[in-house]
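Trainee: Okay, handing you the structure first.
The values are calculated or read from the model by the stated rules, or taken from the named source; none is laboratory data. Just so it is clear, the model here is predicted, and its values are computed rather than measured. Every residue, glycine among them, receives a Cβ derived from its backbone with ideal geometry; neighbour counts consider all protein chains shown.
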Amino acid sequence: MPDALFLSAAIGLPYLGALVAALLPRNRSSLEAWLAGGVALLTMGMVWLLWPSVSAGEVPRLDLPWAPELGLTFVLRMDGLASVFAAMIAGIGFLVVLYARYYMSPDDPIPRFFSFLLAFMGSMMGLVLSGNLIQLVFFWELTSLFSFLLIGYWQHSAAARDGARIALTVTAGGGLALLAGVLLLGHIVGSYDLDRVLSAGDLIREHPLYLPTLVLVLVGALTKSAQFPFHFWLPQAMAAPTPVSAYLHSATLVKAGIFLLARLWPVMAGTDAWFWILGSCGMVTLLLGAYVAIFQHDLKGLLAYSTISHLGLITLLLSLNSPLAMVAAIFHTMNHATFKASLFMAAGIIDHETGTRDIRRLSGLNKTMPFTARLALVAAAAMAGVPLLNGFISKEMFFTEALSASTDPTLLHTMLPIAALVASVLAVAYSLRFIHGAFFGPDVDTLPRTPHEPPQWMRVPVEVLVFGCMVVGILPAATIGPFLDVAVRSVLGAGTPEYSLAVWHGFNIPLMLSMLALALGVVLYRLLQRHFRTGVEGTPLLRGLDGRRIFDRAMVFLSWRFARTLERLLGTSRLQMQLRLMVCGTILAATLALLPYGLRLGGVTLTRVDPVVALIWLVGAGCAIGAAYQAKYHRLAALVLLGGTGLATCLTFVWFSAPDLAMTQLLVEVVTTVLLLLGLRWLPKRQEFTSTSAALLPRLRRARDFTIAIGSGAGLAAISYATMTRPSPEGISRHFLARAYTEGGGTNVVNVILVDFRGFDTLGEIAVLGVVALTVFALLRRFRPAPESIRAPEQQQGGEGDWLLIPGVLMKLLFPVICAVAVFLLLRGHDLPGGGFAAGLMMSIAILLQYMAFGTRWVEDHLRVRPLRWMGAGLVLAAGTGAAATALGRPFLTSYFAYAELGWLGKLPLASAVLFDLGVFGLVFGATVLMLIAIAHQSVRSPKPARPVLGAPVPAPAPALAGDL
């Protein structure tokens with residue numbers, strides 16, 4: 001139980017902190033920093049408290065059933081690999097928070113920054129601790145979303161907006177590919193549970209779907225970790241604040257793809273396809289990133305491409321299908337996080353204190369910033385692989401594995417030692433350029449700011465990380481050895497090889513290659529200094545191969561040319577055409593589905609047709625035909641006839657003993673009729689044709705539409721008839737009838753189905769209703785008709801104040817009565833006809849009547865309706881009811897009911913589903929009122945007090961209407 005609590009806190013604390021930070025007042029940087037730092041430390045504490053169990057070989061696990069029948073269970077698990085990544089996420093996250101406290105300007109919206117940062121931290125923790133593949137993909141996409149918000153934090157910057165857009169497009173697109181691969185993986189194994197997947201390696205590799213599954217999973221991993229050909233998004237993300245770059249590109253976002261490859265290595269590695277796809281991408285990325293990094297003039301740009309190169313190195317190691325290569329990959333992942341985060345912070349200090357990151361403008365900072373220079377020197381040396389630093393040990397491991405793999409006769413294996421040496425030489429060169437270009441050379445006095453050392457606490461995170469580089473480089477086995485061993489054993493299990501973290505292995509070929517790389521790197525840097533002094537932009541030999549330009553061209557083709565072509569072929573500005581295509585597509589899909597089986601009627605004996613029901617149906621059919629006919633001439637008459645059709649449907653429900661459906665149908669008819677009445681004035685006038693030839697084409701169109709309507713209606717009726725005439729002795733209705741009271745605690749089976757048995761569907765439906773309401777409001781709030789022929793209320797006969805006077809008084813008196821009926825329907829819905837949906841519609845009818853009599857302004861001033869708050873509270877309450885069940889260890893939205901003894905009142909039935917129903921009530925009421933305001937189109941804070949009437953022109957709303965709501 002404590003382990004489960006620690007696991008849930010490791011994810012929940014960052015999200016809770018993000019919510020609290022978002023609610024803090026602006027420009028309170030110290031308060032937000034204390035909050036974010038405390039959350040990061042507590043999260044790190046949760047990881048540390050789980051370490052004893054993890055180091056003992058156990059896997060702490062928390063299972064919360066979500067939809068277990070579909071294989072969806074919220075699972076948190078921490079093994080050695082997850083614990084190492086979680087420690088990096090929380091530990092470096094705390095250092096980034098401390099650094100950001102002094103880096104960010106007080107003029108920035110600080111609460112928003114720390115809120116996004118903590119939410120991203122929680123998403124990364126959820127990703128590495130996920131024990132279910134679908135859940136892992138969910139957190140995977142959350143990291144893309146919050147990284148988008150962090151990269152585009154400075155919204156005023158076009159570069160930040162473009163960088164965020166590119167990063168989201170690439171990583172989220174890869175996430176969709178990963179989702180498809182995960183679905184195939186779950187199909188192969190028969191489960192999405194990570195433990196079951198990790199134990200089915202042979203089954204996965206031998207399955208016919210292995211190759212497409214592998215490609216989809218690798219696309220997701222390669223896009224997230226900025227591997228060729230998806231590497232171009234990472235340099236564009238450098239427009240983010242430096243704390244964001246230090247966090248996302250050292251220990252979190254780009255390491256998510258590495259984590260996924262290491263996590264699935266036991267079940268997907270070991271094949272030629274794995275090696276060739278991953279090895280090719282890794283080798284190209286390793287060399288390309290290192291080469292381009294040398295010619296970058298921006299410090300962060302240099303670090304971005306060096307990150308791409310090191311990620312390529314790790315990817316290449318993971319492709320080798322060697323257990324020792326896996327050890328080297330995990331070790332270098334940990335080392336890279338320390339020296340790269342410190343280098344990004346050092347670059348941010350330089351930018352913060354000098355006003356520029358351009359290496360061509362920087363020189364001689366060693367004299368004015370000596371402490372920062374020494375810290376950056378050690379971190380850059382670790383990146384270059386200088387002995388007695390952590391990067392040297394993992395680089396020697398890389399050389400060792402490259403030499404071991406080169407014995408294979410294939411071309412890619414043979415090239416590994418050469419690629420490793422070239423990449424190491426380039427790494428030394430760009431590390432030297434970072435240090436020599438910024439800190440050595442002549443003094444300059446043309447910098448935007450006078451350089452000086454940063455505040456002490458701003459430098460502390462860099463000092464901690466650099467100290468880690470030195471300690472691990474000198475005493476690797478005693479410091480990082482136990483953590484590395486636990487992480488490796490969680491991946492390789494019994495196949496964990498013997499390896500050594502000793503600093504000295506004697507004079508051998510890997511050591512000679514390391515020394516050769518250091519010497520050649522210094523020579524290469526000296527040879528390129530003349531080129532650097534010219535200040536030429538771009539990378540030699542690669543000026544035409546710009547990934548950003550290729551991406552932009554692809555986006556222009558997809559979003560402009562291709563989309564415009566589809567729009568010309570399929571698009572139309574008329575709603576009728578779109579509806580026609582939708583209906584025809586549905587008919588085609590249903591026909592194709594029925595063709596292989598045919599449509600056969602069942603053998604159930606039909607009951608006698610009751611003449612009363614037949615009369616009701618005839619009236620309804622007549623109203624429908626009349627509505628279609630009158631729509632050509634008189635829309636108001638068509639709307640009234642359409643209401644008659646709905647009323648006939650309502651009476652049919654009553655006749656067949658479906659009072660819940662009848663009540664809901666009646667309420668829906670009332671609400672939609674009023675809203676459609678308000679919408680009539682937005683429609684364009686009908687065109688009158690003076691000649692027979694001009695009117696022929698519209699008649700043909702109407703005949704076509706009539707044919708489509710008859711075909712779709714007849715087809716649906718035939719399918720329904722064939723379904724209902726089939727015997728179903730074990731139908732699902734019997735299941736609901738038998739369990740509605742014993743398991744749902746209610747005698748109203750329909751409502752129990754909605755709020756309990758199918759509560760997840762209802763939650764999705766009300767969420768969709770809320771989205772629709774917001775969409776209607778967003779689309780209509782700025783649209784204004786100009787009906788000059790319609791008079792305002794004060795221009796009508798009798799003057800202002802006496803229009804609808806008597807009905808207005810009656811409607812005002814009816815308001816509390818209707819509200820009481822709505823509450824009555826809500827409370828009795830679990831046992832008698834009613835429920836949250838019907839109650840919400842009933843309450844909205846009360847507001848509609850007040851609007852019809854007095855206008856939106858009066859409703860706002862006297863009733864103070866805030867539809868957005870109703871919607872938000874309703875959705876939170878409905879989802880919170882399900883979350884409460886999950887917190888108690890039951891499946892999501894599991895209902896609980898009991899009877900409370902209330903003395904002389906007797907037993908009172910209490911069910912948790914009532915709270916869910918209350919949430920449905922709030923969202924339905926808020927969404928309906930919001931659409932009313934959108935269609936009525938009068939600001940609730942309008943400066944003009946005139947009361948609108950149906951058909952009257954309405955003044956424009958205030959710009960802050962959404963906020964006022």
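Trainee: Quick check on my filter: what residues within the stretch 452-465 are part of a loop (DSSP other than H, G, I, E, B) and surrounded by 20 or more Cβ atoms within 10 Å (Cβ to Cβ)?
Mentor: The one that is part of a loop (DSSP other than H, G, I, E, B) and surrounded by 20 or more Cβ atoms within 10 Å (Cβ to Cβ): Pro454.
Trainee: If you don't mind, another one. Could you run through the stretch 508-540 and say how many residues are over 24 Å from Phe440 (Cα atoms) and assigned to a helix (DSSP H, G or I)?
Mentor: Residues flagged as over 24 Å from Phe440 (Cα atoms) and assigned to a helix (DSSP H, G or I) within the stretch 508-540 amount to 7.
Trainee: What number of residues within the stretch 451-474 satisfy the criterion of being more than 16 Å from Pro243 (Cα to Cα) and in contact (Cβ under 8 Å) with a residue 24 or more places away in the chain?
Mentor: Summing the residues that are more than 16 Å from Pro243 (Cα to Cα) and in contact (Cβ under 8 Å) with a residue 24 or more places away in the chain in the stretch 451-474 gives 10.
Trainee: Follow-up question, since we're still on this one. Which of the residues that make up the stretch 131-184 are touching a Leu at 6+ places or on another chain (Cβ under 8 Å) and outside any helix (DSSP H, G or I)?
Mentor: Gly131, Asn132
Trainee: If you go through the stretch 622-635 one residue at a time, do you hit one that is of a type in the set (S, T, N, Q) and either assigned to a loop (DSSP other than H, G, I, E, B) or modelled with pLDDT of 80 or more (or both)?
Mentor: There is no residue in the stretch 622-635 that is of a type in the set (S, T, N, Q) and either assigned to a loop (DSSP other than H, G, I, E, B) or modelled with pLDDT of 80 or more (or both).
Trainee: Same structure again: Of the numbered conditions (1) outside any helix (DSSP H, G or I); (2) of a type in the set (Val, Ile, Thr); (3) at pLDDT 80 or above, Val491 fails exactly one; give the number of that condition.
Mentor: (1)
Trainee: When you look at Phe760, is it assigned to a helix (DSSP H, G or I) and in contact with a strand residue (DSSP E or B) (Cβ under 9 Å, 6 or more places away or on another chain), yes or no?
Mentor: yes
Trainee: Has the stretch 406-427 got at least one residue that is assigned by TED's automatic domain parsing to the domain that holds Met326, under 12 Å from Leu365 (Cβ atoms) and over 40 Å from the mean Cα position of the chain (by Cα)?
Mentor: no
Trainee: Report yes if Ser712 is over 30 Å from Leu826 (Cβ atoms) and under 38 Å from the mean Cα position of the chain (by Cα), otherwise no.
Mentor: Yes; evaluated as a whole, the condition is true for this residue.
Trainee: Turning to a different aspect of this structure: What do you reckon, is Pro212 buried (at least 24 other Cβ atoms within 10 Å of the Cβ), over 22 Å from the mean Cα position of the chain (by Cα) and in a helix (DSSP H, G or I)?
Mentor: No: the conditions fail for Pro212.
Trainee: Hey, another quick one. With the requirement that a residue be surrounded by 24 or more Cβ atoms within 10 Å (Cβ to Cβ) and of a type in the set (A, V, I, L, M, F, W, C), what does the stretch 234-252 give you?
Mentor: Correct list: Leu234, Ala237, Met238, Ala240, Val244, Ala246, Leu248, Ala251.
Trainee: If you don't mind, another one. Quickly run through the stretch 821-859 and pick out the residues that are of a type in the set (Phe, Trp, Tyr) and more than 36 Å from the chain's Cα centre (by Cα).
Mentor: Residues satisfying the conditions are Phe824, Tyr851, Phe854, Trp858.
Trainee: If you scan the stretch 297-327, which residues turn out to be of a type in the set (D, E, K, R) and part of a helix (DSSP H, G or I)?
Mentor: Lys300
Trainee: From the list Asp351, Asp358, exactly one residue is closer than 25 Å to Gly93 by Cβ and surrounded by fewer than 24 Cβ atoms within 10 Å (Cβ to Cβ). Which is it?
Mentor: Every option except Asp351 fails the conditions.
Trainee: Is it true that some residue in the stretch 558-573 is among the β-branched types (Val, Ile, Thr), at pLDDT 85 or above and surrounded by fewer than 14 Cβ atoms within 10 Å (Cβ to Cβ)?
Mentor: no
Trainee: Could you tell me which residue of the stretch 836-892 is nearest to Thr672 (Cα to Cα), considering only residues that are touching a helix residue (DSSP H, G or I) at 6+ places or on another chain (Cβ under 7 Å) and not in a helix (DSSP H, G or I)?
Mentor: Out of the qualifying residues, it is Val865.
Trainee: Being modelled with pLDDT of 95 or more and in a helix (DSSP H, G or I) is true for just one of Phe259, Phe275. Which residue is that?
Mentor: On inspection, the qualifying residue turns out to be Phe259.
Trainee: Ok, one more. Only one of Leu780, Leu769 is within 19 Å of Arg866 (Cβ to Cβ), in contact with a helix residue (DSSP H, G or I) (Cβ under 7 Å, 6 or more places away or on another chain), surrounded by 14 or more Cβ atoms within 10 Å (Cβ to Cβ) and modelled with pLDDT under 85. Can you tell me which?
Mentor: On inspection, the qualifying residue turns out to be Leu780.
Trainee: Let me ask something else. Being surrounded by 13 or more Cβ atoms within 10 Å (Cβ to Cβ), of a type in the set (Ser, Thr, Tyr) and without any contact (Cβ under 8 Å) to a residue 40 or more places away in the chain is the filter here, so list the residues in the stretch 582-629 that pass it.
Mentor: Tyr629
Trainee: Of these, Thr356, Thr400, which one is of a type in the set (S, T, N, Q) and not in a helix (DSSP H, G or I)?
Mentor: Result: Thr356 is the single residue among Thr356, Thr400 that is of a type in the set (S, T, N, Q) and not in a helix (DSSP H, G or I).
Trainee: With Thr450, Thr410 as the choices, which residue is under 30 Å from Ile277 (Cβ atoms), out of contact with any Leu (no Cβ under 7 Å at 6 or more places or on another chain) and of a type in the set (Val, Ile, Thr)?
Mentor: Matching residue, one of Thr450, Thr410: Thr410.
Trainee: Still on this model: Can you name the condition, by its number, that Val96 falls short on among (1) closer than 25 Å to Met334 by Cβ; (2) in a loop (DSSP other than H, G, I, E, B)?
Mentor: Val96 satisfies all of (1) closer than 25 Å to Met334 by Cβ; (2) in a loop (DSSP other than H, G, I, E, B) except (2).
Trainee: Among the candidates Phe399, Phe440, Phe392, single out the residue that is out of contact with any Phe, Trp or Tyr (no Cβ under 6 Å at 6 or more places or on another chain), at pLDDT below 95 and over 25 Å from Thr315 (Cβ atoms).
Mentor: Phe440
Every residue, every condition in (1) surrounded by 21 or more Cβ atoms within 10 Å (Cβ to Cβ); (2) of a type outside the set (A, V, I, L, M); (3) touching a Ser or Thr at 6+ places or on another chain (Cβ under 7 Å); (4) modelled with pLDDT of 90 or more, yes or no:
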| position | (1), (2), (3), (4) |
| --- | --- |
| Ala838 | yes, no, yes, yes |
| Trp858 | no, yes, no, no |
| Thr886 | no, yes, no, no |
| Phe921 | yes, yes, no, yes |
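Trainee: For the stretch 670-755, which fully contained helices (runs of 4 or more DSSP H) count at least 3 residues that are surrounded by 12 or more Cβ atoms within 10 Å (Cβ to Cβ), of a type in the set (Val, Ile, Thr) and at pLDDT below 85?
Mentor: Qualifying helices (runs of 4 or more DSSP H): none found.
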